[in-house]
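Here's the structure we're looking at; comments come further down.
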Amino acid sequence: MAGLKELRMRIDAIKSTQKITAAMKMVAASRLRRVQILVDKNQGYADNLRNSAARVLADIEAEEREKHIKYVRPTILQTVKNPKNYLLVVISSDRGLCGSYNTNAAKKAAERIRQLKNDGKNVKVLCWGKKSYDILRHIFTDVDFSVREALDKNVAYAKEAEKMSHLLLGAYRRHLFDVCEVVYADFITVVTRNFICEQICPLPLNTAENAQTLNMAGGAFYEYMPDKLSILERIVPILFIDNLFRLLVNAAASEHSARMTSMDNATRNAKDMISDLTLRYNSLRQSAITTELIEIIAGAEAV
């Protein structure tokens, strides 16, 4: 009977765990739906904003070639020859229970760190989330690490992007690094995500692609007021913040989808364990009842 009691207690414990994992799955699914809307809505805005900035920059470059002059680019677009100092921002989570999400983010970051060190670069790592910090600091003992908590759930993603932008641009203007790259999870579907290392500072703008049509709307040329450089200086900081916003919402959607999938698998596994343990419980219980009946019958026949 002691075995029956232990099985009953274990079944009850697994049922309690199953309720928790099912609730966490529902919470993650709800958060994922909200973030997915931001990912989808931001795509068109980001493309138009980037095209606008590339259009102005292409026109400035064309004017420089034509007039043999050189404009001073905004700080975010100014590149350093032979960059030596790199800042790697790794976006991960402060919490676990999201499958291999944090491990894969740290793995991608470790791969990039090794590549930069092999190229003779100085690397500093800013972990935007504690989990990647806990993994990477044990792998690279000679790398300068700093850590910040991941996105505050009470703060909008746009506000978090502005805070991140202020931190990175301030460090870039003080020449604390030459290039900044971000490791994040690019959300594709609920079960698919790619871990990417993307340069965000200096801000890369590709003006070579469709250079002939960037400065035209339909069949008409653009006119700029007050002037091209002033407009570029206003657009580029907005584009930089939007880039950070895009990275944050994609990383958040990937985290929530990974947690939802992980909790769904845990709930299914709990259900299978409960089924197996219940079968064992009923088998032991039936055996115990049969043994007692045999003893009663044997005692009655003896009398």
Look through the range 96-110, keep the residues that are touching a residue at least 60 places away in the same chain (Cβ under 8 Å) and of a type outside the set (A, V, I, L, M, F, W, C), and return whichever of them is surrounded by the most Cβ atoms within 10 Å (Cβ to Cβ). Tyr101
Ser146 passes all but one of the listed conditions (1) modelled with pLDDT under 90; (2) within 21 Å of the chain's Cα centre (by Cα); (3) loosely packed, with under 13 Cβ neighbours inside 10 Å; the exception is number (1)
Determine whether Lys25 is touching an Asp or Glu at 6+ places or on another chain (Cβ under 8 Å), not aromatic (Phe, Trp, Tyr) and not in a helix (DSSP H, G or I). no
In the range 86-104, is there at least one residue being within 22 Å of Gly170 (Cα to Cα) and over 18 Å from the mean Cα position of the chain (by Cα)? yes
What single numbered condition from (1) in a strand (DSSP E or B); (2) free of Cβ contacts under 8 Å to residues at least 24 places away in the same chain; (3) farther than 20 Å from Arg95 by Cα; (4) not charged (D, E, K, R) fails to hold for Thr141? (1)
Given (1) in a helix (DSSP H, G or I); (2) on the phi > 0 side of the Ramachandran plot; (3) not hydrophobic (A, V, I, L, M, F, W, C), index of the condition Glu63 fails: (2)
Could you tell me whether any residue of the range 68-83 is assigned to a helix (DSSP H, G or I) and out of contact with any Leu (no Cβ under 8 Å at 6 or more places or on another chain)? no
For the range 153-188, the count of residues that are without any contact (Cβ under 8 Å) to a residue 24 or more places away in the chain and of a type in the set (S, T, N, Q) equals 1
Among the residues of the range 269-284, is any part of a helix (DSSP H, G or I) and closer than 30 Å to Gly129 by Cα? yes
Would it be correct to say that Arg50 is of a type outside the set (A, V, I, L, M, F, W, C) and over 26 Å from the mean Cα position of the chain (by Cα)? no
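The values are calculated or read from the model by the stated rules, or taken from the named source; none is laboratory data. Model, not experiment: these values are computed from the prediction. Here the Cβ is made from the backbone with ideal geometry for all residues, glycine too, and neighbour counts use every protein chain on show.
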